[in-house]
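Okay, structure first, notes after.
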Amino acid sequence: MMRKYTCQNGVRVVLESIPTVRSVTIGIWIGVGSRDEKEKYNGISHFLEHMFFKGTKTRTAKEIAESFDSIGGQVNAFTAKEYTCIYAKVLDNHATYALDVLADMFFHSTFDDQELKKEKNVVLEEIKMYEDTPDDIVHDILSKAAYHNHPLGFPILGTEETLSTFTSDMLNQYIYDMYTPDNIVISVAGNIDEEFIRQIEKLFGFFERGKNRYSNEKPTFYSEQVAKQKNTEQAHLCIGFEGLPIGHEKIYDLIVMNIIFGGGMSSRLFQEVREERGLAYSVFSYHSSYKDTGTLVIYGGTAANQLDELHDTIFSTLADFKNNGISQKELQNSKEQLKGNLMLSLESTNSRMGRIGKNELLLKKHRSLDDIISDIDRVTAESVYQLAGDIFTNHFTSALISPHPQSTSKWSH
């Protein structure tokens, strides 16, 4: 059963008690990501996520790591476009201790100058590693092409230039302005009872901060073709269409559509590009939802001399999908796959913590499993057909990384 509680300062707590397991996962969700950054601060949310692990007033970075290793627990964090999460998974008898350490990291990180310098170098290496991985970086190039100078087009990691400017004072000011109580959710799932909420309130329920959060407008989705020459073994192609925002009434139609089109090994895209033609090892599609927009992305990597054939195969598969719709078998299989993924995720306290935390932070509402299953069951072949017509239009963006200069000049306009 899930309980929701709001502390007196506005911090929200969601707790799902699962007495049949021995683990507890605790997450601190902050509704701030790269989308909330002004250009000169690009990458600061991700850098802060790193710095929370680098020492507090009473614990060194090594002692934070030892705090969790010594109890057989795990601690980690991630930054996305619209949120940041710091979380720990531990045995149930260590839940209170884990909460104390997470709160110490969140409130009492010192952002020591020496640690700041070292971690800047670590993140710089992360940026370089990312840039050395063309099948990753091509997605960032696509975002920039689709959203131009809107923060949704910024890279989550930031840039070498912005990273070099970050100071301890900037980090503290950013936390004061952005990590406000009304923008924080503490999410807990596992073998824990409601008494734990009182422990959370004692640690998180009384702090106050500024009210200066930077809000940005809904982005425009641009149709643009961008190509970059790079000394790679393969050409990497990304094609993006404007999708749906999180919580949209047709979101399950879109998820089903994506599964059938490019979301798995039995998908149209995988079967046509890889199984039938042998054009790519990696080919897939996915959908990213944000508060007010979304992007459906198709990716394929192939030899540069096969790029035109890959492109034509993707678009012929799209045209067939859009013009002829889907079969009842495809519809049924994709629904069962979606339900199966949903059910299997419930076996992990990590997944449950993530689901209720993200729902509370972004949607401020929670739906029962039965309601979600009903929504999935309501998807029809006709509703998928109509949505495909709305999304797969001529208004798309593409990004290409290729070793051949002739292919990049042909593809950018």
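If you sort the three axes of the alpha carbon gyration tensor as a ≥ b ≥ c, you get a/c of 1.5 or more for the chain and a/b no higher than b/c, which makes it oblate.
Taking the 1.4 Å solvent-accessible surface of the chain as the whole, the part contributed by carbon and sulfur is 48%. Across SER383, SER368, SER34, mean-square fluctuation computed from a Gaussian network of the chain (C-alpha pairs under 10 Å connected) peaks at SER368.
Coupling constants for segment 9-24 follow from the phi torsions by the Karplus curve (6.51 cos²θ - 1.76 cosθ + 1.60, θ = phi - 60°), and in residue order they are 8, x, 5, 9, 10, 10, 9, 10, 7, 10, x, 7, 10, 10, 10, 9 Hz; glycine and proline get x. Each Cα pair under 8 Å and six or more residues apart adds its separation to the average, and for segment 1-129 the resulting relative contact order is 28 percent.
From its DSSP helices (H runs of at least four residues, each -39,500 (n - 2.57)), the chain gives a residue-normalised ellipticity at 222 nm of -13000 deg cm²/dmol. Over segment 255-413, Cα pairs under 8 Å with separation of 6+ residues give a relative contact order of 21 percent.
Distance between the C-alpha centres of segment 133-209 and segment 1-61: 8 Å, rounded to the whole angstrom. In whole angstrom, how far apart do the alpha carbon centroids of segment 346-385 and segment 228-256 sit? So the two Cα centres are separated by 21 Å. Local charge sum around THR220 (other residues, Cβ-Cβ under 14 Å, Lys/Arg +1, Asp/Glu -1)? Residues near THR220 contribute -2 overall. At a Förster radius of 25 Å, what calculated FRET efficiency corresponds to the Cβ-Cβ distance of SER351 and LYS211, to the nearest 0.05? Calculated transfer efficiency: 0.15.
Beta bridges assigned by DSSP with both partners in the chain are antiparallel in approximately 80 percent of cases.
From the Cα gyration tensor of segment 274-413, with a ≥ b ≥ c the square roots of its eigenvalues, which class applies: rounded if a/c is under 1.5, or else prolate if a/b is larger than b/c, or else oblate? Verdict is prolate for segment 274-413. For the chain, the longest principal axis of the Cα atoms and the long axis of helix 195-204 meet at an angle of about 90 degrees.
Where a ≥ b ≥ c are the square roots of the eigenvalues of the C-alpha gyration tensor, would you call segment 286-363 rounded, which needs a/c under 1.5, or, failing that, prolate if a/b is larger than b/c, or oblate? The shape class here is prolate.
Relative to the current alpha-carbon distance between GLU125 and LYS202, full extension at 0.36 nm per residue lengthens the span by 23.9 nm.
Along segment 303-320 the Karplus relation, 6.51 cos²θ - 1.76 cosθ + 1.60 evaluated at θ = phi - 60°, assigns HN-Hα couplings of 4, 4, 6, 10, 4, 4, 5, 4, 4, 5, 5, 4, 6, 6, 5, 4, 4, 5 Hz to successive residues, with x for each Gly and Pro. Largest mean-square fluctuation among LYS322, LYS358, LYS57, in a Gaussian network model of the chain whose springs join Cα atoms under 10 Å apart, belongs to LYS57.
The values are calculated or read from the model by the stated rules, or taken from the named source; none is laboratory data. All values derive from a computational prediction rather than experimental measurement. For neighbour counting, all protein chains shown are included, and Cβ atoms are generated from backbone atoms with ideal geometry for every residue, glycine included. All accessible areas refer to the heavy atoms of the entire protein, side chains included, with ligands and DNA or RNA removed. Shrake-Rupley method; radii C 1.70, N 1.55, O 1.52, S 1.80 Å.
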